[in-house]
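The values are calculated or read from the model by the stated rules, or taken from the named source; none is laboratory data. Quantities reported herein were computed from a predicted structural model and do not represent experimental measurements. Neighbour counts are summed over all protein chains in view; Cβ atoms, including those assigned to glycine, are modelled from backbone coordinates with ideal geometry. Ligands, DNA and RNA are stripped out before the accessible areas are found, and what is left, the full protein with its side chains, is counted by its heavy atoms. Shrake-Rupley method; radii C 1.70, N 1.55, O 1.52, S 1.80 Å.
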Amino acid sequence: MRRRVAISAVALSLAAPLAACGSDHPAADQGKDTIGLLLPESKSTRYENFDRRIISSRVASLCLECKLDYHNAESSPDTQRTQFEALVNKGVKVIILDPVDAQAAKSWVDAAAQKGVQVIAYDRLAEGNVKAYVSYDNEKIGRLQGEGILTALGSRASSANVVMLNGSPTDPNAPSFKKGAHAVLDGKVRKIAFEKDIPEWSEETAKKEMTNAINTLGAQGIDAVYSANDGMAGSIAEALKSAGLKNIPLGGQDAELPALQRLLNGTQAFTVYKQVRPEAQTAAEIAFRLLRGQSITSLTSTTAKNGSTSGIPAKLFNAQLVTKQNLKDTVVSDGAVRTDLLCTPDLAAECKSAGIE
């Protein structure tokens, strides 16, 4: 009996410091095998349907014991800051961040870096002490969009009035898209007759501004419309239809399913296809390597700079212009869209003419 009591006492005496030790560093233990993923919104179908799933799958394939701690800010910078700081407080040392507001992110990215947290700016380049950046050459995307407008206008380009509805001022990619598009369009079209930046990429605001453009310029004063993305292009197409305007070249980007369907029915001239899979997989692998203290040099072929940091290791992917003519050989052949979802009964004839069965 005494022996049992003695053993129990020893066990308890050992357990006490172990428990205390475990409670001394709960954050470090919780975060050592965790990668944070913060995406900006769910209005664009790509983030929930592709980016999140691909990153999660790639992390799982690289590291069986690793966990992905995912949150979506639903377009709120304040929500994203709360999510970011919660990850830091948990002890997460690597965070993939697609910022709602790149400038607003600077203070908390810098504060986290001082605690040893490494931030990978994903798709949009956050301000602050960023460890790596994975995205596309966004100025080139803008140039592609401008070229798409010129191609759609053809011989009418030099006398054309173009409406430009740009992306959100808080998105660091939006000025690059705009700059690239202007570089191609300026001097090649008659003029940019109406131009607005659309806060938060709001489809409702884009529709309102398109209606304002129609009222300002008149039905005969608009020859083409540049939309910074496909979500806004959908609402712009509705505004054009409501005003009775037809055969107005309209272009966007992201190759979203409704946009691809508009390519088929002729209400959108083009979109830009960005292969999400290589972008997402590369971000996941960089995150894993940083988590394990490994080099990311082989994954970052160039550098980028934000307002405070230069020489940020970066990987920038190329994009591709998609029209009805090459729809089959791009997004369809890559498996980016299911043909049974694309080719609805009312688009059967258009799919057949595009060679999509």
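For the stretch 240-357, the Cβ-based charge dipole about the Cα centre amounts to some 320 debye (Lys, Arg positive; Asp, Glu negative; other atoms uncharged). Accessible surface comparison of C63, C343, probe 1.4 Å, protein chains only, largest first: the order is C343, C63.
Given a 1.4 angstrom probe, what's the average accessible area per residue across the stretch 145-185, in square angstrom? Show your work: numbers first, answer last.
Working: 1360 Å² over 41 residues.
About 33 Å² of surface per residue is accessible.
Using just the helices of the chain, give the 222 nm mean residue ellipticity in deg cm²/dmol: DSSP H runs with n ≥ 4 each add -39,500 (n - 2.57), and the total is spread over all residues, rounded to 500.
Details: 13 runs with 155 residues, N = 357.
My calculation for the chain gives -13500 deg cm²/dmol from helical runs alone.
Of all the accessible heavy-atom surface of the chain, with the other protein chains kept in place and a 1.4 Å probe, what percent is carbon and sulfur? Each step should come with its number before you reach the end.
Values: 8360 of 16800 Å².
Carbon and sulfur: 50 percent of the exposed surface of the chain.
Over the stretch 192-331, accessible surface divided per residue gives 44 Å², non-protein components excluded, 1.4 Å probe. Of all DSSP beta bridges in the chain, what percent run antiparallel (nearest 5)? DSSP beta bridges in the chain are roughly 15 percent antiparallel. Using Cα centres only, tell me the gap between the stretch 190-261 and the stretch 301-357 in whole Å. Value for the Cα centre distance between the two parts: 20 Å. Accessible area per residue was computed with a 1.4 Å probe on protein heavy atoms; S308 scores about 60 Å². Take the Cβ atoms of K191 and N247, set R0 to 25 Å, and the FRET efficiency comes out at 0.80.
Computed from Cα atoms, the angle from the helix 173-185 axis to the main principal axis of the chain rounds to 30 degrees. Cross-link pairs exceeding 18 Å between alpha carbons, from the set K90/K305; K188/K324; K188/K208; K106/K315; K324/K352; K274/K324: K90/K305; K188/K324; K188/K208; K106/K315.
Extension gain for N265 to D329 (0.36 nm times residue separation, less C-alpha to C-alpha distance): 21.3 nm.
In whole percent, what relative contact order does the stretch 109-230 give with Cα contacts below 8 Å and a gap of six or more residues? Show your work: numbers first, answer last.
Values: 197 pairs, mean separation 34.1, N = 122.
28 percent.
Taken about its Cα centre, the chain carries a charge dipole of roughly 780 debye when the Cβ of each Lys and Arg holds +1 and the Cβ of each Asp and Glu holds -1.
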